[in-house]
Amino acid sequence: GKKLGYTFNHRNLHNVSLGQGQEVVAEQALDVAAEEGHWVILQNIHLVAKWLSSLEKRLEQLGQGSHRDFRVFLSAEPAPCPESHIIPQGILQNSLKITSEAPTGIHANLHKALDNFSQDTLEMCSQEKEFRSILFALCYFHAVAAERRKFGPQGWNRPYPFSTGDLTISVNVLYNYLQASSKVPYDDLRYLVGEIMYGGHITDDWDRRLCRTYLEEFIKPEMLEGELCLAPGFPLPGNMDYNGYHQYIDEALPPESPYLYGLHPNAEIGFLTQRSERLLRTVLELQPRDSSTGQGAGGTQEEMVQALLEEMLEKLPDELNMAELLARVEERTPYAVVALQECERMNALTAEVRRSLAELELGLKGELTMTSEMETLQNCLFLGTVPESWVRRSYPSTASLASWFADLLARSSELEAWTRDFSLPSTLWLGGFFNPQALLTAIMQSTARKNRWPLDRMALQCDVTKKSREDFASAPREGAYVHGLFMEGARWDAQAGTIAEARLKELTPAMPVVFIRAIPDDKQDTRGLYPCPLYKTRQRGPTYVWTFNLKTKENPSKWVLAGVALLLQV
């Protein structure tokens with residue numbers, strides 16, 4: 001206050017947190033402050049969207065004739081998308097804007113996590129050595145948890161709002177437990193932090209497993225014996241003072257890399273590639289789409305779309321004759337039921353593709369009035385994206401339109417081959433199913449009927465072969481051979497028959513043919529196995545299909561931290 005030429009104390013400050021009808025209080029505070037030369041802080045203005053236009057007018061009025069020391073500070077959370085930008089332009093144009101950017105990288109995040117504490121914090125616990133070691137480990141865990149989201153679905157299946165409040169409450173819990181017990185309750189601490197403080201945000205079971213694994217690696221008895229590394233080349237520091245910990249981070253923490261999170265360097269290549277693709281897609285969408293402009297080598301937009309839809313209509317397969325297929329089925333086995341269900345879904349999709357393309361063709365010729373739906377389809381064909389009406393009847397996919405359509409033709413071809421006599425193919429393309437879970441369930445149903453086993457007490461066993469699709473001439477007696485799987489985060493070593501470290505720049509190496517069969521639940525041997533989730537696409541999360549147990553010589557926790565998963569599409 002003195003630097004600005006006047007005396008300031010807490011009585012000159014009006015702090016109003018908006019929401020729950022606090023608008024009237026805010027208006028009264030503004031009136032008093034404008035007359036007396038006080039400061040007003042209005043927090044969370046994003047919660048009172050309807051009142052913001054009134055606030056804009058009020059500030060404009062108070063800008064004339066108010067006390068020279070009168071100041072107004074506004075705070076708001078960042079909007080998740082452009083459609084949520086609700087602060088009026090008048091307020092933005094007449095204000096000085098300051099943004100609080102989240103730190104980027106482990107180095108900045110770890111410093112910021114430690115900034116929540118002080119030397120007094122480090123000295124407040126009677127078990128000083130244990131308290132300081134676990135506090136630093138929690139700071140590193142918080143930094144990793146917050147920054148890992150930049151790797152997309154390979155980092156966390158879903159993004160979570162981890163905050164400094166989670167860290168400070170976890171440290172308070174740590175203090176209370178150490179004060180009450182002479183021994184460090186590692187299991188209790190891991191549970192409270194992983195399942196409640198941070199786990200309270202987590203909605204995905206695989207993310208919960210990841211959170212739990214981090215804490216199992218960071219908070220364990222070895223940490224007090226100087227044998228614990230939080231990351232390769234970064235041992236847990238010994239007993240230091242507050243400034244010493246900050247200095248240790250600057251001097252000992254390795255340069256930023258995916259290794260600090262337990263990930264492979266390919267994870268960085270993957271997320272940077274996806275970010276670049278989004279940027280280029282945005283640039284492409286900004287290009288002019290007026291059919292009268294852009295006369296280049298490819299012609300106008302209408303000419304390009306016309307040529308593309310004619311080609312797609314020519315290649316699009318005919319709908320499968322369901323009555324004929326039903327007559328061809330001798331016995332409705334679980335596999336035959338799956339095939340028929342897939343045919344029905346394929347017919348629904350191809351019918352919608354054919355209808356919408358034919359409709360657009362008539363619209364481009366002037367025989368039908370162009371509707372908004374037809375214009376949207378035209379733009380999608382021009383930009384190479386899959387139209388929403390097709391996506392609703394389709395399978396999860398991240399492919400561009402050309403790849404998606406080629407994939408559709410391949411799926412249709414596989415179905416036609418299977419339904420000629422409904423005998424199980426030598427190997428099945430698991431990624432070619434609308435509903436791959438149905439096939440995996442059919443494997444269990446078929447085995448259960450044959451051996452008269454209870455279906456609810458069965459599990460799938462996954463044996464990775466050393467062969468490719470071409471090496472199989474017939475289907476197995478029980479179960480099925482499946483192909484078309486890919487691994488992300490690691491690779492499959494066919495010679496050793498185990499998961500191995502990924503090779504650089506091989507982001508999603510293909511898997512050999514996998515033999516899947518059903519066994520009684522109590523005969524499963526989970527030793528030396530990594531429970532590997534199978535997803536339909538690299539988006540993971542809601543595209544989860546099944547869990548396959550894969551052999552590993554390494555500790556399974558390594559693959560959990562690396563985000564290793566099987567994918568049906570890349």
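Here is how the numbers come out for the structure above:
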{"item": "Anisotropy class of region 424-569 from Cα gyration tensor, a/c 1.5 cut", "result": "prolate"}
{"item": "Hypothetical label at GLU123: residues of region 173-199 whose amide nitrogen lies under 20 Å (7 Å Cα-Cβ projection)", "result": "175-176, 179"}
{"item": "At most 12 other Cβ within 10 Å, DSSP loop - GluC sites (Glu not before Pro), region 310-345", "result": "GLU330, GLU331"}
{"item": "Heavy atoms of HIS85: accessible area, 1.4 Å probe, square angstrom to 10", "result": "130"}
{"item": "PHE162 accessible area, assembled protein chains, probe 1.4 Å, Å²", "result": "20"}
{"item": "Rounded tilt (10° steps) of 334-365 against the dominant C-alpha axis of the chain", "result": "80"}
{"item": "Space enclosed by the convex hull of the alpha-carbon atoms of region 300-422, per residue, Å³", "result": "105"}
{"item": "Percent of alpha-carbon pairs separated by more than 22 Å within region 106-265", "result": "37"}
{"item": "DSSP-loop trypsin sites (Lys or Arg not before Pro) across region 5-86, with at most 14 other Cβ within 10 angstrom", "result": "ARG68"}
{"item": "Surface accessible to a 1.4 Å probe, TYR544 within the full protein complex, Å²", "result": "80"}
{"item": "Between region 399-413 and region 485-541, the alpha-carbon center distance in angstrom", "result": "25"}
{"item": "Where the chain is the region considered: accessible area per residue in Å², 1.4 Å probe", "result": "52"}
{"item": "By average C-beta atoms within 10 angstrom, highest first, the peptides 264-271, 498-505", "result": "264-271, 498-505"}
{"item": "Helix axis angle, 242-252 relative to the chain longest principal axis, alpha carbon, degrees", "result": "40"}
{"item": "Candidate lysines for bridging to LYS57, where Cα separation is under 23 Å - those fewer than 8 sequence places away on the same chain excluded", "result": "LYS97"}
{"item": "Length released on extending from SER276 to THR333, taking residue separation times 0.36 nm less the Cα-Cα span", "result": "15.8 nm"}
{"item": "FRET efficiency for ARG158 and ASN435, using Cβ-Cβ distance with R0 set to 25 Å, rounded to 0.05", "result": "0.65"}
{"item": "Theoretical ellipticity at 222 nm over the chain - DSSP helices of four or more residues, -39500 (n - 2.57) apiece, nearest 500", "result": "-13500 deg cm²/dmol"}
{"item": "Share antiparallel - DSSP beta bridges, the chain, percent rounded to 5", "result": "70"}
{"item": "Pairwise label distance in nanometres, ILE269 with SER403, each label 7 Å out on the Cα-Cβ vector", "result": "1.5"}
{"item": "TYR335, TYR198, ranked by accessible area, largest first (probe 1.4 Å)", "result": "TYR335, TYR198"}
{"item": "Alpha-carbon centroids, region 423-472 and region 303-375: separation in whole Å", "result": "28"}
{"item": "log₁₀ of I(q)/I(0) at q = 0.12, 0.20, 0.21, 0.24 Å⁻¹ - region 2-94, Debye sum with one point per alpha carbon", "result": "-0.39, -0.99, -1.08, -1.32"}
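The values are calculated or read from the model by the stated rules, or taken from the named source; none is laboratory data. Computed from a predicted structure; not experimentally measured. Every residue, glycine as well, gets a Cβ built from its backbone with ideal geometry; the counts of neighbours run over all protein chains shown. Areas reflect the complete protein model, heavy atoms only, side chains present, ligands, DNA and RNA absent. Shrake-Rupley method; radii C 1.70, N 1.55, O 1.52, S 1.80 Å.
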